1. Does ALA68 qualify as being among the hydrophobic types (A, V, I, L, M, F, W, C) and assigned to a strand (DSSP E or B)?
2. Being more than 27 Å from ARG10 (Cβ to Cβ), open to solvent by less than 70 Å² (accessible area, probe 1.4 Å) and out of contact with any Asp or Glu (no Cβ under 8 Å at 6 or more places or on another chain): is that true of LEU69 here?
3. Against the condition open to solvent by 70 Å² or more (accessible area, probe 1.4 Å) and among the hydrophobic types (A, V, I, L, M, F, W, C), how does ALA144 come out, does it pass?
4. Considering region 1-50 alone, what residues qualify as being open to solvent by less than 20 Å² (accessible area, probe 1.4 Å), among the hydroxyl-bearing types (Ser, Thr, Tyr) and either modelled with pLDDT under 95 or not in a helix (DSSP H, G or I) (or both)?
5. Only one of PHE196, PHE132 is among the aromatic types (Phe, Trp, Tyr) and farther than 20 Å from GLY97 by Cα; which?
6. Report the residue count in region 192-213 for those that are surrounded by fewer than 19 Cβ atoms within 10 Å (Cβ to Cβ) and of a type in the set (Phe, Trp, Tyr).
7. Kindly provide the set of residues from region 51-64 that are open to solvent by 60 Å² or more (accessible area, probe 1.4 Å) and out of contact with any Leu (no Cβ under 8 Å at 6 or more places or on another chain), ordered by number.
Amino acid sequence: ASAQSARTLRFSHTDTSVGAAQEASLRFAAAVEKYTSGRYKVQVFHSGQLANDAKSLDQLQVGGLDFALTGVVTFTPHVKDLSLIALPYLAENYEQGWKLYDTSKFIKQQADLLPAKGMRIVGNWEAGFRSFTTNFPLNSPADAKGKKLRIAPVEMIRWIMESIGFSPVVMPVTEVYLGIQQNTVSGQENPIDTIFSQRFYEVAKHVTLSQHVYSPRWLAMAERTFKGMTPADQEAILKAG
């Protein structure tokens, strides 16, 4: 009877079934089921099966999804000032990055604006630092001049890439592999785990470990789903996250 009455929640991310995002998502799903005593189950959809990164947040707002896992930079269209977290070398190592996200009043203030926009942060997960993969050697800014580089729809990222000399092209991460393969763009920038998961190294064989932006992932939950839970189950979700 308990199994039959369990509610299934839909979880979306754009990395493939290989990599840290999927492993963490499955561990989260198991924790939710455990901490809610089976009242809730989480079904994980990888590889952008349900939505790309930007659209997954839109789906949270309208009730099409219950959870979305994506880079913190993806939230900037909803909370514009959050673009400042993409300042280059704001954090230069993991310890600085962890401290930044654990203690920054500014970042907390931006996250606290999201429930009014239909989503709330229930987990801060690791992804690492953004670096380049290109189909040409990138040894200096001179090599970047005029080259088309895929970016996320974040103004700060755009400004960084333009200052280096790239011509930035906004494109969903699920379309990047084909975009590089067909020479629509000459490369992209993302954390190494995403580069590994998406196999970008197959089509852009030059990796430049610039680590120019610390870029963790936020696990966001639909506010309507969260508000529909009992306080005990809300705590269980936060504990799992």
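1. Values: among the hydrophobic types (A, V, I, L, M, F, W, C): yes; assigned to a strand (DSSP E or B): yes.
Considered against the rule, which asks whether it is among the hydrophobic types (A, V, I, L, M, F, W, C) and assigned to a strand (DSSP E or B), ALA68 comes out as yes.
2. no
3. Working: open to solvent by 70 Å² or more (accessible area, probe 1.4 Å): no; among the hydrophobic types (A, V, I, L, M, F, W, C): yes.
Against the criterion (open to solvent by 70 Å² or more (accessible area, probe 1.4 Å) and among the hydrophobic types (A, V, I, L, M, F, W, C)), ALA144 does not qualify.
4. SER12, THR14, THR36
5. PHE196
6. So the count comes out to 2.
7. Filtering region 51-64 for residues open to solvent by 60 Å² or more (accessible area, probe 1.4 Å) gives 55, 58-59, 61-62.
Result: LYS55, ASP58, GLN61, VAL62.
Residues checked against (1) touching a strand residue (DSSP E or B) at 6+ places or on another chain (Cβ under 9 Å); (2) over 19 Å from LEU219 (Cα atoms):
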| position | (1), (2) |
| --- | --- |
| LYS80 | no, no |
| TYR101 | yes, no |
| ALA127 | yes, no |
| LEU138 | yes, yes |
| GLY165 | no, yes |
| LEU178 | no, yes |
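The values are calculated or read from the model by the stated rules, or taken from the named source; none is laboratory data. Predicted, not measured: the structure shown is a model, and the values here were computed from it. So basically every Cβ, Gly included, is an ideal-geometry build from the backbone, and we count neighbours across all protein chains shown. In case anyone asks, the SASA skips ligands and DNA or RNA and just uses the protein heavy atoms, side chains included. Shrake-Rupley method; radii C 1.70, N 1.55, O 1.52, S 1.80 Å.
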